[in-house]
Every structure is written in structure tokens, then in C-alpha cells.
Amino acid sequence: MESETFPEELADALVGIQRLIRRRLRRGLTRPRLRGAEVELLRLVESRPGIGISDAAKELYLASNSVSTLVNQLVKDGFMRRETDPADRRAARLQLTDDAEKRLADWHRRRAELVAGHVTRLDEADQEALRAALPALRRLADTLHEETGES
């Protein structure tokens, strides 16, 4: 792979993998699917219970009013609770409902099974190359995360 095309090929591969995982996970869903931003917000609240709307907006690189709209929809659908922050009565702390926790657990399980099923089809050398690439991919994600906010 030539170094000048590597960044584009890497981005295409990552986007393609994500798209295929998302499509495969949609198959067999018996309930309405959640939009990507809703899932991202649920996953953020799962990892940081009690996060506020403005912090969630910063983390997701969305406007606060956009996150507020997502929260309203998720509360209406029974996936999120908005609790008053005891330290600042004007602020809300976000929590998942039991329904959301079950749905995310099911999603995590199905995603892990899907990816594992396909990784095991690869030969040992490819599996090892993917394992070895994980730390570099995480560092790449960190640098992309740090850079957001810059144009």
C-alpha cells in the first residue's frame, strides 16, 4: 500500500466495517431502531452515568440544544431518565433506564458475537495483525478526539 493512499484506504476500511456491522445488527430487530446519535448518547451515559447535558454535548461534539432534543426523545421512549443535580437544581443528570441497559447489553452481545464470528474466519496471521493494530487504532482515535474543535 502506497503511503499517499494509506490514510484514505484506512478511513474507507474503518467506515466500511462500521457500516456493515451496523447493517448486520439491524437485521432481526423486533423494535424500532434507534438513530446513531441516540445510540451514541446512550453509550456515553452508560459509560458516564450522571453526565450532564452540556458535558454530553461537548463529548459528542454536538450543540447542547441537539443533545437536549435527543434526551427528550429518549426520555419519551423510556430509555433515559433526567434527574435533578443536587448541587445545582437547574442542571440535569442523565441516567439510563433498565430498558436502555437491557437494550445496550443485547447490542454489545450481538456486536461481539458478530465480529467474533467473522474474525475467527480469518487466518491466524490476520487475527494477530488485527490484535496488534488495536493500540495504534486507539491512539489514532485519541488524536482525532483531541483535535475536534479545531477546523
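Extending 7 Å from Cα along the Cβ direction at A116 and again at Y61 yields two label points whose distance is 3.2 nm. For M80, nonlocal amide neighbours, meaning residues 5 or more places apart or on other chains whose placed amide H falls under 5 Å from its own, are V75, T97. Modelled spin labels at D106 and D12, positioned 7 Å past Cα toward Cβ, are 3.6 nm from each other. For K58, the accessible surface of its heavy atoms amounts to roughly 140 Å² (probe 1.4 Å, protein chains only, rounded to the nearest 10). Backbone amide hydrogens, once placed in the peptide plane, bring R93 within less than 5 Å of E83, T84, D85, excluding anything fewer than 5 places away on its chain.
With an a/c value of 1.5 or above and a/b not larger than b/c for the gyration tensor axes a ≥ b ≥ c computed over the alpha-carbon atoms, the stretch 35-105 is described as oblate. Remark: accessible surface ordering of T30, T120, T5, T143 (largest first) is T30, T120, T143, T5, probe radius 1.4 Å.
Give the value in nm², to one decimal: projected area of the alpha carbon convex hull of the stretch 20-63, averaged over all directions. Mind showing how you got there, number by number?
On the way: hull surface 15.6 nm².
Mean orientational projected area (the stretch 20-63, Cα hull): 3.9 nm².
The charge dipole of the stretch 1-132, taken about the Cα centre with unit charges on the Cβ atoms of Lys, Arg (+1) and Asp, Glu (-1), comes to about 960 debye, rounded to the nearest 20. Between R27 and R89, the contour length at 0.36 nm per residue exceeds the alpha carbon distance by 18.1 nm.
In order along the stretch 80-92, phi translates into HN-Hα couplings of 9, 10, 10, 10, 6, 6, x, 7, 8, 4, 7, 9, 10 Hz, rounded to whole numbers, per the Karplus curve 6.51 cos²θ - 1.76 cosθ + 1.60 with θ = phi - 60° and x for Gly and Pro. The sum of -39500 (n - 2.57) across all DSSP H runs of n ≥ 4, divided by the residue count of the chain, sets its helix-only mean residue ellipticity at 222 nm to -22000 deg cm²/dmol.
Accessible surface area normalised per residue over the stretch 1-103 is 68 Å², counting heavy atoms of protein chains with a 1.4 Å rolling probe. Apolar share of the accessible surface for the chain: 52 percent from carbon plus sulfur atoms, 1.4 Å probe.
List the relative contact order of the chain as a percent without decimals, with contacts defined as Cα pairs under 8 Å and 6+ residues apart. Working shown, then result.
On the way: 94 pairs, mean separation 29.7, N = 151.
RCO, the chain: 20 percent.
From the alpha carbon centroid of the stretch 1-36 to that of the stretch 100-122 is 14 Å.
The values are calculated or read from the model by the stated rules, or taken from the named source; none is laboratory data. The model shown is predicted, which means the values in this text are computed figures rather than measured ones. Counting neighbours? That spans all protein chains shown, and the Cβs are built from the backbone with ideal geometry, glycine included. Surface areas here come from the heavy atoms of the whole protein model, side chains and all, with no ligands, DNA or RNA. Shrake-Rupley method; radii C 1.70, N 1.55, O 1.52, S 1.80 Å.
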